[in-house]
Amino acid sequence: MSAGHRPRGLTAGGTVRSEATDVMIAGAGPVGLTLAAELRRAGVACRIVDRLPARLPFAKAVGLQPRTLELFDRMGLVRDVLDAAVAMRGQLTYVNGVAEGRIELVLPPEVPYGFAALPQYETERVLEEFLGRFGTLIERSTELVAFAQDADGVTSRLTTSSGGEEEVRSRFLVGCDGAHSLVRKGLGLSFEGGAFPEEYMLADVEVGWGLPPGYGVRSMHRGADGAIDDLLVCIPLPGTGRYRMSMLVPPELSAARQAEASGAAGGDGVAHGLEGGTAPALADIQKVLDRLAPEPVTASALRWSSVFRISHRLVDRYGRGRVFVAGDAAHIHPPTGAQGMNTGIQDACDLAWKLALAVGDTAGPKVLAGYDAERHPVGEEVVGRTVRHAAEGVQADPEDPGTLLPREAQLLIGYPDSPLVTPLPPDDGSAPRPGDRAPDCGGLTGDIAAYPMRLFDVLRGSGHVLLVYGTHPAGDTVADLASAARELTRGLMETRWILPADATAPAGAPVPFHRDGLGEFARQYGAGEGTAFVVRPDGYLGARLCPPTVRELSSALGRVFGP
């Protein structure tokens, strides 16, 4: 039973009424599970419900971006993910049977993680097991069917696995309930966009070709007019010769044509995701491989298959009042570049720490509105980029090749215009600025551990952190800054002191310290003597203070924390 879930009695109509919880989460996919785990990690009570009786054994979303792995590192579960995943090393491209080139997925050496592939059900398994460590379980075969909010909270009505109904009171509700989200509809949010006319087959199969492992395959056929009229995309999965393949649907397997012929209604009009109807057989997959595979090959071990439709849509806002949407409930788009699930997981990480402050009555007045301010522009950019890439391929992107892979890795996402970060005057330097991702660096040493650490090792499991660099900060003392950080955040911010490599260990240091043994911190952060950084729980910089003073720190934290 989840934290905060205790039956309280019956209403007059026989509906079970439960005691209140802090946050109700509808949907236990990767987004809802990440949100629940981050809330529980922050000590927030929540319930997470899902209408399905068990995880679906489908390799739908399979790509894990380096930025998502960084967030899993911060949460403390990245090792379990890495143990289950397989490396994505690049992509091989073929046009009309001729090799057109190879994309190598290589990032700068200071980025701690590469690209990975993992079936969605395995990502969900790791997240569910991690969530279980906090005593919170998914309430399966339980569906949110209605909700109403008022000034003090949200009342949700659930149908349960026993066939009964339950009424739950929570301070907030988050819809992580997918493309056909009841929460989005209940809020009256628009979901503007369109749908691709093409349908795709998805299949999880094994092949025994001689292509290098760890590389995706994109094989296309261009007709006489230059247009792509046949397509095969293969993403490697854990296991020998195992791939998640997608390809155009032949007319006889078209779910849309079957629905049209039967007169079936289009539901809510959002054509996105796995379709019903006839599932492709191994013979259907083999026909496409016979046409498009880079070398003769036979498919085997079909684990599952389906027909898939793709829309591109975005909500007008990510929430209203005490109710929010995240993941596919807020944005849907082509799976090109594995952006969807990763964007949703990052929605959850952004929203979780904001809700935790609100639940703890420590949030400033703009914190919850900051979720839409920060994540809506990200959703808009991802939808536009993936639609473009679906039509032309990632390699056809017109931007600087030097930023292409970091952007696909979601390392360039930032919130420079957020009301929650402290703006700085423009400059031409390369140092990270407020709203940017807090980069990793290596070579941090101490007086006890005989091995160097990375900054992400220091930040793992933490919340809000103040990093102070320099032997003698040019502003107030480290002790004064640490004391102010604790007081201004009601004990939620810790302070870490980063010293130059040759600095003498301070006697009786007021906070934990590390030496910048390789000078990487100073280089990656553009830090000089007397510089401090506010790092948020989602791994973004909230402020850069130079010199760091209690007054400037108070101003920066005042954007996030209430009085």
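The values are calculated or read from the model by the stated rules, or taken from the named source; none is laboratory data. This one's a predicted model, so the numbers in the text were calculated from it and none came from an experiment. Glycine gets a Cβ as well: all are built from the backbone with ideal geometry, and neighbour counts include every protein chain shown. Just so you know, the surface numbers come from the protein's heavy atoms only, side chains and all, with ligands and any DNA or RNA stripped out. Shrake-Rupley method; radii C 1.70, N 1.55, O 1.52, S 1.80 Å.
Things worth noting here:
- In Å², nearest 10: area of HIS331 left accessible to a 1.4 Å probe: 0
- Whether the chain is rounded, prolate or oblate, judged on the alpha carbon gyration tensor where a/c under 1.5 counts as rounded: oblate
- Ordering of 346-354, 477-485, 155-163, 496-504 by packing is 346-354, 477-485, 496-504, 155-163, highest average first (other Cβ atoms within 10 Å, averaged per residue).
- Å² of accessible area per residue within segment 440-563, as computed with a 1.4 Å probe and no ligands counted: 42
- Using a probe of 1.4 angstrom and keeping all protein chains present, the accessible surface of segment 52-175 works out to 42 square angstrom per residue.
- Degrees separating the helix 282-292 axis from the principal Cα axis of the chain, which is the longest one: 80
- Separation of alpha-carbon centers, segment 340-379 and segment 17-66, rounded to whole Å: 15
- DSSP finds beta bridges in the chain, and of those with both partners inside it, around 70 percent are antiparallel.
- Contact order normalised by residue count of the chain, Cα under 8 Å, 6+ apart, percent: 14
- Segment 128-203: C-alpha gyration tensor shape, a/c 1.5 cut-off, then a/b vs b/c: oblate
- 0 to 90° range, to nearest 10: angle between helix 30-41 axis and the chain longest Cα axis: 20
- Sequence-distant aspartates and glutamates (8 or more away, or on other chains) whose Cα lies within less than 14 Å of LYS60: GLU122, GLU124, ASP204, GLU275, ASP328
- A probe of 1.4 angstrom, applied to the heavy atoms of all protein chains, finds ARG559 with accessible area near 80 square angstrom.
- Percent carbon-and-sulfur accessible area, segment 133-264, ignoring ligands, DNA and RNA, probe 1.4 Å: 51
- One Cα centroid belongs to segment 186-221, the other to segment 441-495; the line between them spans 43 Å.
- Angle in degrees between helix 120-132 and the longest Cα principal axis of the chain, rounded to the nearest 10: 40
- Of all lysines in the structure, the ones whose alpha carbon falls short of 30 Å from that of LYS366, not counting any fewer than 8 places away in one chain, are LYS185, LYS354.
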